[in-house]
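Working notes, structure below.
The values are calculated or read from the model by the stated rules, or taken from the named source; none is laboratory data. Model, not experiment: these values are computed from the prediction. Heads up, the Cβs are rebuilt from the backbone with ideal geometry, glycines too, and the neighbour counts pull from every protein chain shown. Keep in mind that these areas ignore ligands, DNA and RNA; they rest on the heavy atoms of the full protein, side chains included. Shrake-Rupley method; radii C 1.70, N 1.55, O 1.52, S 1.80 Å.
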Amino acid sequence: MQAYTQLPDLMPALPELLLAAGALFLLMLGVFGERRITPYVTALAVAVLAVAALPLLLPVEFGIVNETTFDGAFVLDGFARYLKVLTLIGSGFAIAMSVAYARNANFERFEYPVLILLATLGMLMMLSANDMITLYLGLELQSLALYVIAAFNRDSTRSTEAGLKYFVLGAVSSGMLLYGMSLVYGFTGQTGFGPIATALTHEGGASIGLVFGLVFILAGIAFKISAVPFHMWAPDVYEGAPTPVTAFFAAAPKIAAMGMLVRIVFDAFEPVTRDWQQIIVFISIASMALGAFAAIGQRNIKRLMAYSSIGHMGFALVGLAAGSQQGVEGVMIYMTAYLAMTLGAFACILSMRRKEGMVEDISDLAGLSRTNLPMAVLLAVIMFSLAGIPPFVGFFAKFYVFLAAVEAGLYPLAVIGVLTSVVGAYYYLRIIKVMFFDEPAPAFLPMPAELKFTLGLSTAFVLLFIVFAGPVVELAGAAAGTLF
């Protein structure tokens, strides 16, 4: 191995290098530019994310170009490209959606977009990690930035509490993950995903110690996607964190963590598929069930979205539990749909503002159809899609993961998924009922332009997915194929 990495060898990591350089530049700009520079830092942060996406989009053949660097510890394949683009989109919209909130809630600080850039850098590293050490570096870079922005509103007790809860529980999950990695290293003598898989193949299966290591690793990652039983942080953090932060938490980090989970089980632990498959089936069923039933009694819309997110991670895990290329393709389609639906829902939640400030109760949406019909109609479309009702994108997302489970012979898992979807539809339909049939509550202030744009774009994707489903499915299939 060469003692140094030549410059051309760093090209697979170009998006990460651009994000790192952009974040450092904007940090300096913010420090020396005083408070008046903050709007420019915010705009430039979105531009940096867009520029970082360009190298990922240039080779359109997602399933063909595979590159590695750092002696194989970092891989750029079709799978990473697809999910990195989704992650960058989620982060970019999260920054853009925070502009009006920041202006109105004394939240306008240049550190916020810089921290999102650094968190996104960690997410991209997670998606390209081909080694335990690379994975942990990316995960911790993301986590440390997220701990800070959860408690970013220092004047709010709820925000500080949310940040503290997330930090304490996140530290526990990181410890579990690291302990699992140390066990796997101890029993295989390897940290690279490929060598670990080779060692497992030669051993003819997993020893008890390796199974323990696998369980701890899956537990640590399950925390990051808020899957049951490691979901306990999500409702409190979603409710307590500033709403733009909640919108960010619900989108990009979930995509990155899900991608990391898919890569580690297929690249490193494919020889012991039966072992991890049982764990994934359990947390999938538990997440779908809790997401469906626990959200029924919620009155705060951010807490409801937290339980909704837990349920949706359970549905996505149905595809992973199938243990097939079709299942991974289903997971990728599901995360694409989830991103669009989540951004649209939070664009509406960020628009729930009156003269006295932000409101978060579902009852505040009462009679919205008579005070703001366009917002009510678009939010209803998003809710129908989240419930999985055809012909919206949420239906097709669930269809692909359930189909993969059926093809793999996991009939009980698919049936449980359908039943929990029916239960979960209740609380989405209740929001629609409140908007269209309850007596009107006081009207909200006009929706800012960036939220109108986000809501319009996400609703268009939700509505029109049936028209352009072919290219998306084909792209996801090609990207999923690079793992096999």
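Some notes on this structure:
- Members of the range 147-178 that are open to solvent by less than 60 Å² (accessible area, probe 1.4 Å) and of a type in the set (A, V, I, L, M): ILE149, ALA150, ALA151, ALA162, LEU169, ALA171, MET176, LEU177
- Residue check for ARG274: out of contact with any Gly (no Cβ under 7 Å at 6 or more places or on another chain) and over 29 Å from ILE95 (Cβ atoms): yes
- Only listed residue being over 18 Å from LEU261 (Cβ atoms), among the aromatic types (Phe, Trp, Tyr) and without any contact (Cβ under 8 Å) to a residue 60 or more places away in the chain, chosen from TYR179, TYR185, TYR136: TYR185
- All positions within the range 461-484 that are open to solvent by less than 40 Å² (accessible area, probe 1.4 Å) and part of a helix (DSSP H, G or I): VAL462, PHE465, ALA469, VAL472, VAL473, ALA476, GLY477, ALA479, ALA480, GLY481
- Residue within the range 250-272 that is among the β-branched types (Val, Ile, Thr), crowded, with 22+ Cβ neighbours inside 10 Å and farther than 29 Å from ALA479 by Cα present: no
- Looking at ILE133, ILE116, ILE95, just one residue is open to solvent by 20 Å² or more (accessible area, probe 1.4 Å) and among the β-branched types (Val, Ile, Thr), and that residue is ILE133.
- Residues satisfying the stated conditions in the range 33-57, i.e. more than 21 Å from the chain's Cα centre (by Cα) and either within 15 Å of MET97 (Cβ to Cβ) or among the β-branched types (Val, Ile, Thr) (or both): ILE37, THR38, PRO39, VAL41, THR42, ALA43
- Which numbered condition GLN298 fails, given (1) open to solvent by 20 Å² or more (accessible area, probe 1.4 Å); (2) part of a loop (DSSP other than H, G, I, E, B); (3) more than 30 Å from ALA366 (Cα to Cα): (3)
- Of residues in the range 326-358 being open to solvent by less than 20 Å² (accessible area, probe 1.4 Å) and part of a loop (DSSP other than H, G, I, E, B), the one farthest from SER98 (Cα to Cα): MET352
- In the range 112-156, residue modelled with the lowest pLDDT [restricted to those that are hydroxyl-bearing (Ser, Thr, Tyr) and farther than 15 Å from ILE221 by Cα]: SER156
- Test for GLY22: is it of a type outside the set (D, E, K, R) and modelled with pLDDT of 85 or more: yes
- Within this structure, VAL418 fails the test of being surrounded by fewer than 22 Cβ atoms within 10 Å (Cβ to Cβ) and either modelled with pLDDT of 95 or more or in contact with a Leu (Cβ under 8 Å, 6 or more places away or on another chain) (or both).
Residues checked against (1) modelled with pLDDT under 85; (2) within 18 Å of ALA119 (Cα to Cα); (3) open to solvent by less than 30 Å² (accessible area, probe 1.4 Å):
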site	(1), (2), (3)
GLY180	no, no, yes
PHE187	no, no, no
THR198	no, no, no
GLY205	yes, no, yes
PRO229	no, no, no
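- Matching residues in the range 396-413 - criterion: being surrounded by fewer than 22 Cβ atoms within 10 Å (Cβ to Cβ), under 21 Å from ARG274 (Cα atoms) and of a type in the set (A, V, I, L, M, F, W, C): LEU403, VAL406, ALA408
- When each of PHE436, PHE453 is tested for being touching a Ser or Thr at 6+ places or on another chain (Cβ under 9 Å) and part of a helix (DSSP H, G or I), the lone residue that passes is PHE436.
- The condition (being part of a strand (DSSP E or B), of a type in the set (Val, Ile, Thr) and either open to solvent by 10 Å² or more (accessible area, probe 1.4 Å) or free of Cβ contacts under 8 Å to residues at least 24 places away in the same chain (or both)) is satisfied by just one residue among THR42, THR68: THR68.
- Filtered by the rule that a residue be open to solvent by less than 20 Å² (accessible area, probe 1.4 Å) and in a helix (DSSP H, G or I), the range 359-368 gives ILE362, LEU365, LEU368.
- Among the candidates VAL377, VAL393, VAL434, the residue that is closer than 28 Å to ALA94 by Cβ, surrounded by 14 or more Cβ atoms within 10 Å (Cβ to Cβ), modelled with pLDDT of 90 or more and touching a Leu at 6+ places or on another chain (Cβ under 6 Å) is uniquely VAL434.
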